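Below is one structure; the comments refer to it alone.
The values are calculated or read from the model by the stated rules, or taken from the named source; none is laboratory data. Note that this is a predicted model, so its numbers are computed, not measured. Here the Cβ positions follow ideal geometry from the backbone for every residue, glycine too, while neighbour counts run over all protein chains shown. Remember, those area values only see protein heavy atoms, side chains included, never the ligands or the DNA or RNA. Shrake-Rupley method; radii C 1.70, N 1.55, O 1.52, S 1.80 Å.
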Amino acid sequence: MAVQSGLEYMRSRTVVDCDTMDEEVAKTLGPFQDSTSNQAIAFGELSKPARGELIAASLADAKALHPKYSSISIEELAVEIAMVRMAVGMAQHIRGLVHVQTNPYYSYSTEKTVVNALRIVQLFQHVQPGFDVARISIKIPSTWEGIMACRTLEQAGVRTLATTLFTMVQAVLAAEVGCTYIAPYVNELKVHFDAGFEDKAKLLPLCAAIQKYYKSINSPTKVLPASLTSVEEIFFLAGVDHLTIAPALLEQLTQPYAGNIQSLFDMAPTLPIPAKGVSFINDPGSFQITFARDQGGASQRKLTEAVNIFCDCQDKLELLMKTAA
């Protein structure tokens, strides 16, 4: 019997997505279902010398299209076009959806997030006319305003992913509005930016509890954990609906799997799940105070820090475009 790699084992239990905009990763380590991204991933990819032509083309398009989208700067528009171009490239090498994140500066505005998301969908048609809108997922931070934007978009036929999710209350609301996916962050985002920082309160058990809760209410929303730092964390999540994995960890998963880690999905959840009737969709105040009090305020801090980090990356992306102009 052939020795099974870690990646083969995970694919036998979970839908595996790639957390990258590097087409070579999809071609060499696939097949993958979806491709996820964010401003940090986009900045890392666009900083590569090989992306010079894509940046130039995106800037040219932004200047030509700016009269139509004059409410934002040429640099911001160029960033969106570049992210869409990379997503279209990834779509050739995966089977499912490409996930593009809205501008994090709009995280606390439902209206601006919706406008941003619809603009991204339109830009797909500019970059590749006829691109199937059903293959687009818009990633939106899980603030109250962001999840309300997901509600509007899902009603309009645009798939959404509620990202930077740290609590059950966010998961409850995301299911209520009909998000296609949620992305619980196993580790708070700054583990990828602050050298030496380690998250001592990883949200692995929360992922299992959310999926059990969704099954208990027959919610179609899929759990897609993100922000992983080790293959051990990945194996703990075998059995989750989807899992998005960064290139470095995908490479590690090509090694033989020892089978020595029991998945949290093979045991009873260690966290309680909400009652079937719990609801926040018509009670923003209850949502906000429940969220603010979760983990003594730590969850709200994590979300705020994640939005700030992504705003920093948005700034870097726009500066990259301004410098290249």
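Against the numbered list (1) hydrophobic (A, V, I, L, M, F, W, C); (2) part of a strand (DSSP E or B); (3) farther than 28 Å from I41 by Cα, L243 comes up short only at (3). Between A62, A57, the distinction of being over 19 Å from K139 (Cβ atoms), over 22 Å from the mean Cα position of the chain (by Cα), open to solvent by less than 10 Å² (accessible area, probe 1.4 Å) and of a type in the set (A, V, I, L, M, F, W, C) belongs to A62 only. Note on the range 163-186: residues that are assigned to a strand (DSSP E or B) and out of contact with any Leu (no Cβ under 8 Å at 6 or more places or on another chain) amount to 2.
Residues in the range 192-226 that are open to solvent by 30 Å² or more (accessible area, probe 1.4 Å), part of a helix (DSSP H, G or I) and either free of Cβ contacts under 8 Å to residues at least 60 places away in the same chain or under 19 Å from I147 (Cβ atoms) (or both): K215 alone.
Taken over the range 16-43, the criterion of being open to solvent by 30 Å² or more (accessible area, probe 1.4 Å) and touching a Lys or Arg at 6+ places or on another chain (Cβ under 8 Å) is satisfied by P31, Q33, F43. Please verify whether the range 134-149 includes one or more residues that are farther than 22 Å from N282 by Cα, assigned to a helix (DSSP H, G or I) and more than 17 Å from the chain's Cα centre (by Cα). No, the range 134-149 contains no residue that is farther than 22 Å from N282 by Cα, assigned to a helix (DSSP H, G or I) and more than 17 Å from the chain's Cα centre (by Cα).
Does L165 fit the bill of being over 17 Å from T102 (Cα atoms), buried (at least 24 other Cβ atoms within 10 Å of the Cβ) and of a type in the set (A, V, I, L, M, F, W, C)? Against the criterion (over 17 Å from T102 (Cα atoms), buried (at least 24 other Cβ atoms within 10 Å of the Cβ) and of a type in the set (A, V, I, L, M, F, W, C)), L165 does not qualify. Scanning the range 253-268 for residues that are polar (S, T, N, Q) and open to solvent by 80 Å² or more (accessible area, probe 1.4 Å) turns up Q255, N260, Q262. For the range 282-311, filtered to residues that are of a type in the set (K, R) and within 15 Å of D199 (Cα to Cα), the residue that is nearest to the chain's Cα centre (by Cα) is K302. Of the residues making up the range 106-153, those that are among the small types (G, A, S) and open to solvent by less than 10 Å² (accessible area, probe 1.4 Å) are S107, A117, S137, S142, G146, A149.
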